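Notes follow once the structure below has been shown.
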Amino acid sequence: MLSPKEFIEDAVQKVKEQIGDEKAIIALSGGVDSSVCSVLVQQAIGDNLTAIFVDHGLLREGEVEQVTNTFKDRLNFKFVDASDEFMDALAGVDDPEEKRKIIGKVFIEVFEREAIKYDAKYLVQGTIAPDWIETKGEIKSHHNLALPSGMVLELCEPIRDLYKDEVREIGDELGLPATTVYRQPFPGPGLGVRVVGALTRENVEVCRKANKIVCDEIEAAGIDKDVWQYFAVLTDTKVTGVKGDQRDFGYLVIVRVVNSIDAMTASVAELPWDVVQTISKRITSEISEVTHVALSISDKPPATIEFC
Ligand code: XMP
């Protein structure tokens, strides 16, 4: 069993041997896996690694600034604002699987355009052990990835044998900030799987604001480290409400806070009632488009953690 320091030395050496003087790219999301991988590979090959952070328009409040500030001086960091491209491709699409497919497809298109610019031969991926152990049968890594244009990138997966808690230890040892190392899981398609129905810039912004209130209140109550994920979902249900002496007709927002070990199953977290009430009051008073807040009380199974 290697210590975190020994693991880093060993991984850096292996990456040097694999990539040599070639160029590599990584899709950096700001989550712990891709962040740890980026810093490890940067230590091995320096600025021959380009870390590409794509804004698909479905990120959380403040996320672009937070990820940019964390990495702009640490990595050969490239920010790509592709939000218009994603939102245009998603216009009018309300089927959840279709939305996911479009987000995945546009992501690859954007990423490929960047890969070509940087003349990359290697794609660094933050694959961790549960990612491939759970896809039984695919025990051996595929060694390369063919992009739609025919460009082939060889894979480099420096943390493939680690579990999440081990990745966090490595992140701490690398000196990454706690906001990165202990960040709650956030799905690749971002708020796209937390807005039910077709996405618009307007409804994504409502979800983003509600999510920020949930996060602020859970963190202020000191519950954030005790739960697996906490977030807001914007439904496409509109409900009657009353604001002042006026009848109102606005969105229903759902607050979901779950406990889990590995996301395969999850149970609803019990929250102090004053925290629930503060979240509800803040969302309806600070976001004019919302009239009603509900609390999700379904475990996984039968529900999934995300809504789409
Ligand atoms: P579900 O909704 O399937 O989510 O219970 C299980 C865990 O996976 C996350 N999740 C995703 N992560 N890309 C990701 O990187 C995705 O498309 C995706 N969908 C769900 C979810 O946040 C939860 O932690």
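Brief remarks on what is shown
- Extension gain, A198-D84: 0.36 nm per intervening residue step, less the Cα-Cα distance, totals 39.5 nm.
- A simple count of charges around V110, restricted to other residues whose Cβ falls under 13 Å of its Cβ and scoring Lys, Arg +1 and Asp, Glu -1, yields -4.
- Expressed in units of 2.2 N^0.38 Å, where N is the residue count, the Cα radius of gyration of the chain is 1.06.
- By the helix-only formula, in which each DSSP H run with n ≥ 4 contributes -39500 (n - 2.57) and the sum is divided by residues, the chain has a 222 nm mean residue ellipticity of -12500 deg cm²/dmol.
- Cross-link pairs beyond the 25 Å C-alpha cut-off, checked among K209/K238; K23/K72; K101/K225; K117/K209; K117/K212; K99/K225: K101/K225; K117/K209; K117/K212; K99/K225
- Residues of the stretch 276-306 with amide N under 15 Å of the 7 Å Cα→Cβ point at K243: 281-293
- Contact order for the stretch 243-308, expressed relative to its length and based on alpha carbon pairs under 8 Å spaced 6+ residues apart, stands at 44 percent.
- For the listed peptides 55-66, 220-231, a ranking on the average number of other beta carbons within 10 Å per residue, highest first, reads 55-66, 220-231.
- Amide hydrogen neighbours beyond the local backbone of Q229, cut-off 5 Å, H modeled: V258
- Computed over the stretch 141-218, the ratio Rg/Rh where both radii use C-alpha atoms and Rh is Kirkwood: 1.10
- Debye, to nearest 20: dipole size of the stretch 194-295, +1 on Lys, Arg Cβ, -1 on Asp, Glu Cβ: 280 debye
- Here the spin labels are modelled as points 7 Å beyond Cα on the Cα-Cβ line, and at E112 and L145 they lie 1.3 nm apart.
- Using 0.36 nm per residue and subtracting the Cα-Cα separation, the extra length available between E22 and Y182 on full extension is 54.4 nm.
- Charge dipole of the chain (Cα centre as origin; +1 on each Lys and Arg Cβ, -1 on each Asp and Glu Cβ, all else neutral): 380 debye, rounded to the nearest 20.
- Sequence ranges 244-254, 290-300, ranked by mean other-Cβ count within 10 angstrom, highest first: 290-300, 244-254
- Relative contact order (percent, whole number), the stretch 39-147, Cα cutoff 8 Å, 6+ residue spacing: 23 percent
- The accessible area of I52, taken with all protein chains in place and a 1.4 Å probe, comes to roughly 0 Å².
- Rounded to the nearest whole angstrom, the semi-axes of the ellipsoid equivalent to the stretch 4-181, taken from the Cα gyration tensor as √(5λ), stand at 26, 19, 17, largest first.
- Ligands, DNA and RNA left out, the accessible area of the stretch 194-295 computed with a 1.4 Å probe is 52% carbon and sulfur.
- Of M264, N69, A82, farthest towards positive along the dipole that unit charges on Lys, Arg, Asp, Glu beta carbons give the chain: A82
- Under the span-like rule (Cα at least 20 Å along the axis, Kyte-Doolittle mean at least -1.0), DSSP H helices of the chain: 4-19, 96-117, 201-220
- Our summary gives the chain a relative contact order of 16 percent, counting only alpha carbon pairs under 8 angstrom and 6 or more residues apart.
The values are calculated or read from the model by the stated rules, or taken from the named source; none is laboratory data. If you're wondering where the values come from, they're calculated on a predicted model, not measured in any experiment. Note that we place each Cβ from the backbone using ideal geometry, even for glycine, and neighbour counts take in every protein chain shown. Only protein heavy atoms, including side chains, enter the accessible area calculation; ligands, DNA and RNA are left aside. Shrake-Rupley method; radii C 1.70, N 1.55, O 1.52, S 1.80 Å.
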